[in-house]
Amino acid sequence: MLKQRVITAVWLAPVVLVGLFGLQGEGYALFTAFVMLLGAWEWTNLAGVTQTLKRAALVVGCAALMLVMWTSGIAQAEWPLWVAAVGWLFNLVWVTRYPTLASQWHSTPGRLLMGLWVLLPCWVGFNILRETGAVWLLFVLLLVWSADIGAYFAGRRWGRRKLAPRVSPGKSWEGVLGGMAATALLAIGFAFALSLGVAEGAALVVITLLVTLISVLGDLLESMLKRYRDVKDSSQLLPGHGGVLDRIDSLTAAIPLFALLYLQVLV
């Protein structure tokens, strides 16, 4: 298993780095759309669609919708980010009240609709952040990775109080605080590196802490869907690593919400 994880990481990391930071404009939008469509393929299974042709048809429909969004300018618009904000409020309620409120979303159409407000605004957020240059895109990626690393080590060392035992028993509140500490340090470092003023730097730290919490919710949402579907991974598209959604679950929440807060506060 470890050998397969390393092999996958060796070829995957350069592809991701080139796609995210080497491409611009339509090429970048196409690359990130492809990633979202792989996630959409996996989401159809989490939604309870098991027939290959039906899953493929749903992904093609999602691709057509993304094409319309791109040609109409919606793929760079702000309002889909607000849709994501509202959608993630619903996701927060459903995750924290699982399985009590599962009846509100458990139907296949309900889970498919959920996928639209998770994946499409994430794609919009990717496009908006890339338009600002590579710095803020890099920052939010580092934010999510720092949150994961901080949570892992803090959770192992001090983890006692379970965060969401009915959704993801391994996560603890101490881990969340460790992740927030790591991302706060990251924000302070970026504030100094970019020579931000005191007010801008403080705003960046606050935004970072909020997005850190949101990234945890992204992870928990996918865990909830996998638990309901009774599967370990979203797929086996990435040997040794599970599926695409297993790798970007936190980003699906962090990217659109960071982009929205960036537009409201830091621009």
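Only the coordinates and a few stated rules stand behind these numbers; no lab work does. Predicted model, so just to flag it, every value in this text is computed and none were measured. FYI the Cβ positions are ideal-geometry reconstructions off the backbone, even for glycines, and counts take in every protein chain you see.
Among residues other than ASP148 whose Cβ falls under 13 Å from its Cβ, what is the net charge (Lys/Arg +1, Asp/Glu -1)?
Numbers: positive: ARG156, LYS171, ARG247; negative: ASP219, ASP246, ASP249.
Here the count lands on 0.
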- Query: LEU194 versus ALA63, label points 7 Å from Cα toward the beta carbon: distance in nm?
  - Reply: 3.5 nm
- Task: Please compute the net charge surrounding CYS62, taking Lys and Arg as +1 and Asp and Glu as -1 over other residues with Cβ under 15 Å from its Cβ.
- Result: +2
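To the nearest 500 deg cm²/dmol, what mean residue ellipticity at 222 nm is calculated for the chain from DSSP H runs of n ≥ 4 alone, each contributing -39,500 (n - 2.57), summed and divided by the residues?
-26500 deg cm²/dmol
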- Farthest positive-ward along the stretch 1-128 dipole, Cα basis, beta-carbon charges - from VAL49, VAL68, GLY27: VAL49
- Task: Using Cα pairs closer than 8 Å and at least 6 residues apart in sequence, work out the relative contact order for the chain, in percent.
- Result: 24 percent
- J(HN,Hα) series, the stretch 115-122, from Karplus relation 6.51 cos²θ - 1.76 cosθ + 1.60, nearest Hz, glycine and proline x: x, 5, 7, 8, 7, 5, x, 4
- Query: When the Kirkwood radius is taken over all Cα pairs of the stretch 73-154, what Stokes-Einstein diffusion coefficient follows at 25 °C and 0.890 mPa s, in µm²/s?
  - Reply: 168 µm²/s
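Calculate the dipole size of the chain relative to its Cα centre from +1 charges on Lys and Arg beta carbons and -1 charges on Asp and Glu beta carbons; express the result in debye to the nearest 20. Write out the running numbers ahead of the final one.
Values: 19 positive and 13 negative charges, 211 e Å.
Using Cβ point charges on Lys, Arg, Asp and Glu, the chain gives about 1020 debye.
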- Under 14 Å, Cβ to Cβ, from GLY73 - net charge with Lys/Arg +1 and Asp/Glu -1: -3
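Just in the stretch 130-173: which trypsin sites (Lys or Arg not before Pro) are loop by DSSP and have at most 13 other Cβ atoms within 10 Å?
Values: sites: ARG130, ARG156, ARG157, ARG160, ARG161, LYS162, ARG166, LYS171; in loops: ARG160, ARG161, ARG166.
Sites meeting the loop and neighbour criteria: ARG160, ARG161.
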- Message: Please list, in order along the stretch 42-56, the HN-Hα scalar couplings obtained from phi with the Karplus expression 6.51 cos²θ - 1.76 cosθ + 1.60 (θ = phi - 60°), rounded to whole Hz, x for Gly and Pro.
- Response: 5, 5, 4, 5, 4, 7, x, 8, 10, 6, 4, 5, 5, 5, 4
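Please give the per residue volume of the convex hull enclosing the alpha carbon atoms of the stretch 2-266, rounded to a whole number of Å³.
Numbers: hull volume 34.6 nm³, N = 265.
In the stretch 2-266, the Cα convex hull volume per residue is 130 Å³.
Counting other C-beta atoms within 10 Å, and keeping those with at most 16, which DSSP coil trypsin sites (Lys or Arg not before Pro) do you find in the stretch 9-102?
Values: sites: LYS54, ARG55, ARG97; in loops: ARG97.
Passing sites in the stretch 9-102 are ARG97.
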- Task: Mind checking which of PRO109, TYR152, PRO256 is farthest towards the positive end of the chain's charge dipole, using Cβ charges of +1 (Lys, Arg) and -1 (Asp, Glu) about the Cα centre?
- Result: TYR152
- Message: Over the Cα atoms of the stretch 1-74, each weighted equally, I'd like the Debye log10 I(q)/I(0) at q = 0.12, 0.15, 0.17, 0.20 Å⁻¹, rounded to two decimals.
- Response: -0.46, -0.68, -0.82, -0.95
- Message: Could you give each residue of the stretch 155-167 its phi-based ³J(HN,Hα) in whole Hz, using Karplus coefficients 6.51, -1.76, 1.60 with θ = phi - 60°, and x for Gly or Pro?
- Response: x, 5, 7, 10, x, 10, 8, 5, 6, 8, x, 7, 10
- VAL6-VAL231 FRET efficiency (beta carbon distance; Förster radius 30 Å; 0.05 resolution): 0.80
- Task: Report, by chain and number, residues whose modeled amide H sits under 5 Å from the one on ALA164, excluding near sequence neighbours (fewer than 5 apart, same chain).
- Result: LYS171
- Which one of SER168, ILE7, GLY178 is farthest out on the positive end of the charge dipole of the chain, using unit charges on Cβ (Lys, Arg +1; Asp, Glu -1) and the Cα centre as origin? SER168
- Expressed in angstrom and rounded, the centroid-to-centroid distance over alpha carbons for the stretch 28-73 and the stretch 154-187 is 32 Å
